[in-house]
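Okay, so here's the structure we're looking at.
The values are calculated or read from the model by the stated rules, or taken from the named source; none is laboratory data. Keep in mind that what you see is a predicted model, and the values were worked out from it rather than measured. Every residue, glycine as well, gets a Cβ built from its backbone with ideal geometry; the counts of neighbours run over all protein chains shown. The area values use the complete protein model at the heavy-atom level, side chains included, leaving out ligands, DNA and RNA. Shrake-Rupley method; radii C 1.70, N 1.55, O 1.52, S 1.80 Å.
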Amino acid sequence: MDVPYHSSGAMSRAHFAIVRKVESAPLSHSADQHIFLEIQSVRARLSHPRLRLDDCKECLVILLYCSLSVTPGFLPKTAFDFAFPHAINLAEAGRNVEDKRLGYLFCQELMPLESELRLMLVNTLRKDLESDDVAHICLALDSLISSPSEDVIPAVQSLLHDLLSHDYSSVRRRALLALRSLSAHDGALLDRICELILTMLQDSDDSVVKAALNVARHFVSFCCPACKRHPEDQVFRPSFTEGLVLAILECLVYLGLTDDNISILFYILLEVSSEKVQTLLSKAIILDVFKLLGRFKPTILMEVEKSKAVSLVQSVRRYLVSHEVDDVYFFMSCLGSIDVALWAGTNPEYPAMLDGLEFERIMQLLSSADQDIRRKTLAIINEVDPTILDVQLSLLSNANPAVGEQIPFAIRLLEIFSVRYEQDGEGYASQVIELTRRLDKGGGASPQVFKEVIEIVLNRIHTSVNAGFIESCANHFVRDLIDKDVVLGPTAFVVAAALTTEIAGSLAVTPSTLLSALALRLQSCPSIVREPCLIAMMRIRAEIDDVPLGVIEAVQVISKTTRRSISLRCSQFLDFVQNKADLVKVVNESFSSSLPDFLSSLQGYFHEQLKSTDATPQPSRSSSRASAVSASQLRYAAYDRPGAIPRLRMKKAGNSGRSSPSSLPGTLSDQNLAHNRQSQSTVAPVSAGDLALVEGLQSLRIEQDNQQSPLGMTEGTQSDAGVLDLINLESPHPTGALGRDECSSLYGGNRGFEALWNMFGEGGDLRGWCNLSMDRLLRRLQGVDQYMLGLLFLSGELKIVMISNETNINAVALRLRESEEDSCLWRLRCANPMVGGYIQTILNK
């Protein structure tokens, strides 16, 4: 050893001398002899009656070096007992933290746990735990962690509980670990702090969280840790253990899963699933464990299963044969969280964990009435063997569903498409188009839009996390849209129009080509889908500078030969042909790129246009036509403004005395209907295409008060233009019943209808599509016994209040809006669901 004293780091020259002798000894036996002689010398020094504190520290450091350098077994076990009192005294009377640390360290390293001298440390430990000095507290806690003694528990356990809430995280962490060490002598220590452990698992300091997680592992069983040594005393305590297990799982995720956590997760799973009565919380724990285990490689889990002679699926297989739908869904959720190789037998080296009857039961779930179970089953079977789904598709393709079963049949196929073509957007689009063609063939002579299919397809595309899927799916629809030889039914056309609107700027074809294709489709497609087609064309117009002349001519032709609402859309498109800047602004202000959001932004634009027009005085038609003619040159005075027309009161309409609509004072005649529709020519009614496009997407809704029309006109504006208020609706009863005695407290007319409509709320909200014209449906409603009708025609919408003569809780508020081809849309609200169902039956006859 050639290191000089000043560079050695030795505490003193005596310390340096013994280190040099031991390191320079040629044989280990010679080194042991030097150590033995040094211990004797130190013993003599410690026996001095006037031993100084610095000399005591020097002697203890030398003894620690000797204990670490001597050959094991060379010294007797009691070789250092003479120094224990001095170490204890140093821990007690040390002048600073370094002195106390040395005293505690000597006792931790050399004093046996069963030594009676440890009793002399109790008061020192207690004194330091009560100290205000954080360093002294940590020294005492470190001593308890490394050298736990049963004798010290009564003196320190209350102090340790208090330290769990200490301001310093280093103290909280050590206090928790000290309790864990002492629990080896008294398991009840941890039972008393289980609630505190839950709190500490949410601590802001990661070191505290890790310590709490380490301690919480003792609670993964539903019995106290002390009971592990005494099985006959096991006590079931789900009130805290389930919550504690959930906290443990959260911490495992927070701190990061490692292979070491697998055994903990297996233990939790086996303990929780072994209980005969399962609560919702315990099922949640099981499902969480399955999801966490699903993050590990299946080969690792297989090895653990083999070593523990257990199976993950075995813990939940009893739920597969349950008659409760929730239990079956729970089983399928667990099964779908882990790799199929762990239970399906797809790995030749690992057998299947389910028998033949259980596999048959899983196949039967493909026909389950519960949609979520079907989807889970499809996803699992697709992982096991995708050809099984191909067989299912083949069987369903050969089926011939009845007219009333078309939608459920389509939903089943769409569910299979969604799973089978999860990564193949083009294949998914191709299958959807073929399905819509099949539905169109079985839908009857008149074209139909299957709104359920549109909603499912668009939602599937929107929720995909695979950008390639969305792009390939949209491009397939667009290719078919551009190809004039490909026949697209109304349903497939609406889907194509919606996708075109959403990704107009990123399609594989040029916007000009796409716009021309839509214009060509506009001329040949059914009127039921012309409106979404025009909306899509407006969106694509924002992507090009010059609109092809053929597109403009096609829209002009359609505007002259179609119904009013489509003509309005045509006019809007032609306006934007000349005003691209405003259209680009509409696109930029849209909440998203979807067709419903674009339509909402479009309506907002027209509403703002109307407000700016109202703010600027406009000349009348007569002044614009003959502005040079003064008022004195007129041959007659201008007509006075028409006076208010008296409101018609509600009148009972029964089977007896039924008359034509033109003669009933409580209804609108055909002439009145025609007159009012003409007067509201600026408002486009909700078309069938609107309803099909956004049903379930909450975009195009039946217009209510103050909702803007396609031209941006509000109900208030149209009322000022001369809308007739034909009835006086009165205050509804707060409970939802319309009482005759309460009819004087609410302003009538449209405001009264809306108050009644809003009072019923969405709880009793029903809607549908009737194949009768509005007039014929109105006559049908007049024939309903025991009901009086009150009518109001406003903004192309007929608002009806039906009041029962028997009980005032059976009132019904109904909205009718004319659609195309002698049909109409209806929507009703009521307080009594049975009455609502009864009126719905009448409307759907």
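In segment 39-64, which residues are over 17 Å from GLU98 (Cα atoms), in contact with a helix residue (DSSP H, G or I) (Cβ under 7 Å, 6 or more places away or on another chain) and open to solvent by 30 Å² or more (accessible area, probe 1.4 Å)? Once the filter is applied, which keeps residues that are over 17 Å from GLU98 (Cα atoms), in contact with a helix residue (DSSP H, G or I) (Cβ under 7 Å, 6 or more places away or on another chain) and open to solvent by 30 Å² or more (accessible area, probe 1.4 Å), segment 39-64 yields ARG43, ARG45.
Annotation note: Cβ proximity below 7 Å between a residue of segment 20-31 that is open to solvent by 40 Å² or more (accessible area, probe 1.4 Å) and a residue that is small (Gly, Ala, Ser) and not in a helix (DSSP H, G or I) (sequence gap 6+ or interchain) occurs for no pair.
Among the residues of segment 527-543, is there at least one that is open to solvent by 50 Å² or more (accessible area, probe 1.4 Å) and part of a helix (DSSP H, G or I)? So far as segment 527-543 goes, no, none of its residues is open to solvent by 50 Å² or more (accessible area, probe 1.4 Å) and part of a helix (DSSP H, G or I). Taken over segment 318-334, the residue count meeting the criterion of being assigned to a helix (DSSP H, G or I), open to solvent by less than 10 Å² (accessible area, probe 1.4 Å), in contact with a Phe, Trp or Tyr (Cβ under 7 Å, 6 or more places away or on another chain) and under 23 Å from PRO298 (Cβ atoms) is 2.
Exactly one residue among ARG180, ARG95, ARG173 is in a loop (DSSP other than H, G, I, E, B), without any contact (Cβ under 8 Å) to a residue 60 or more places away in the chain, more than 23 Å from SER67 (Cα to Cα) and open to solvent by 50 Å² or more (accessible area, probe 1.4 Å), and that residue is ARG95.
Just give me the residues in segment 784-798 being open to solvent by less than 20 Å² (accessible area, probe 1.4 Å) and out of contact with any helix residue (DSSP H, G or I) (no Cβ under 9 Å at 6 or more places or on another chain), in sequence order.
Going residue by residue through segment 784-798, those that are open to solvent by less than 20 Å² (accessible area, probe 1.4 Å) are 784, 787, 789-798.
The one that is open to solvent by less than 20 Å² (accessible area, probe 1.4 Å) and out of contact with any helix residue (DSSP H, G or I) (no Cβ under 9 Å at 6 or more places or on another chain): GLU797.
I'd like the full set of residues that are open to solvent by 50 Å² or more (accessible area, probe 1.4 Å) and not basic (Lys, Arg), limited to segment 556-578. Reasoning before the result, please.
Of the residues in segment 556-578, the ones open to solvent by 50 Å² or more (accessible area, probe 1.4 Å) are 556-557, 560-561, 563-564, 571, 575, 578.
Selection gives GLN556, VAL557, THR561, SER571, ASP575, GLN578.
Listed here are the residues, each with its yes/no results for (1) closer than 28 Å to ARG767 by Cβ; (2) surrounded by fewer than 16 Cβ atoms within 10 Å (Cβ to Cβ).
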{"site": "PRO401", "(1), (2)": "yes, no"}
{"site": "GLN406", "(1), (2)": "yes, no"}
{"site": "ALA410", "(1), (2)": "yes, no"}
{"site": "LEU413", "(1), (2)": "yes, no"}
{"site": "VAL419", "(1), (2)": "no, no"}
{"site": "GLY427", "(1), (2)": "no, no"}
{"site": "ARG437", "(1), (2)": "yes, yes"}
{"site": "SER446", "(1), (2)": "yes, yes"}
{"site": "ILE456", "(1), (2)": "yes, no"}
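Within segment 421-442, the set of residues being touching a residue at least 40 places away in the same chain (Cβ under 8 Å) and farther than 16 Å from GLU471 by Cα comprises ILE433, THR436, ARG437, LEU439, ASP440, GLY442. Looking at GLU150, is it more than 44 Å from the chain's Cα centre (by Cα), surrounded by fewer than 21 Cβ atoms within 10 Å (Cβ to Cβ), modelled with pLDDT under 90 and not hydroxyl-bearing (Ser, Thr, Tyr)? Judged against the criteria, GLU150 is a match.
When each of VAL529, VAL547 is tested for being within 30 Å of ALA410 (Cβ to Cβ) and of a type in the set (Val, Ile, Thr), the lone residue that passes is VAL529.
Please find, within segment 346-368, the residue that is modelled with the highest pLDDT out of those that are touching a Ser or Thr at 6+ places or on another chain (Cβ under 6 Å) and open to solvent by less than 20 Å² (accessible area, probe 1.4 Å). Talk me through it step by step, then tell me what you get.
Kept after step one, since they are touching a Ser or Thr at 6+ places or on another chain (Cβ under 6 Å), are these residues of segment 346-368: 353, 365-366.
Filter again for open to solvent by less than 20 Å² (accessible area, probe 1.4 Å), leaving 365-366.
Numbers: LEU365: 92, LEU366: 89.
Per the stated criteria, the residue is LEU365.
To keep it simple, each residue is scored yes or no on (1) modelled with pLDDT under 90; (2) in contact with a Gly (Cβ under 9 Å, 6 or more places away or on another chain); (3) more than 21 Å from ILE381 (Cα to Cα).
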{"site": "ALA429", "(1), (2), (3)": "no, no, yes"}
{"site": "GLU434", "(1), (2), (3)": "no, no, yes"}
{"site": "LEU439", "(1), (2), (3)": "yes, yes, yes"}
{"site": "GLY443", "(1), (2), (3)": "yes, yes, yes"}
{"site": "SER446", "(1), (2), (3)": "yes, no, yes"}
{"site": "ILE454", "(1), (2), (3)": "no, yes, yes"}
{"site": "ILE461", "(1), (2), (3)": "yes, yes, yes"}
{"site": "ILE470", "(1), (2), (3)": "yes, yes, yes"}
{"site": "ASN475", "(1), (2), (3)": "yes, yes, yes"}
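Residue under question is ASP99, and the condition is that it be of a type in the set (Asp, Glu) and either under 26 Å from SER165 (Cα atoms) or within 55 Å of the chain's Cα centre (by Cα) (or both); does it hold? No; evaluated as a whole, the condition is false for this residue.
From the list LEU125, LEU141, LEU110, LEU129, which residue is open to solvent by 30 Å² or more (accessible area, probe 1.4 Å) and of a type in the set (A, V, I, L, M)?
Details: LEU125 fails: open to solvent by 30 Å² or more (accessible area, probe 1.4 Å); LEU141 fails: open to solvent by 30 Å² or more (accessible area, probe 1.4 Å); LEU129 fails: open to solvent by 30 Å² or more (accessible area, probe 1.4 Å).
Of LEU125, LEU141, LEU110, LEU129, the one residue that is open to solvent by 30 Å² or more (accessible area, probe 1.4 Å) and of a type in the set (A, V, I, L, M) is LEU110.
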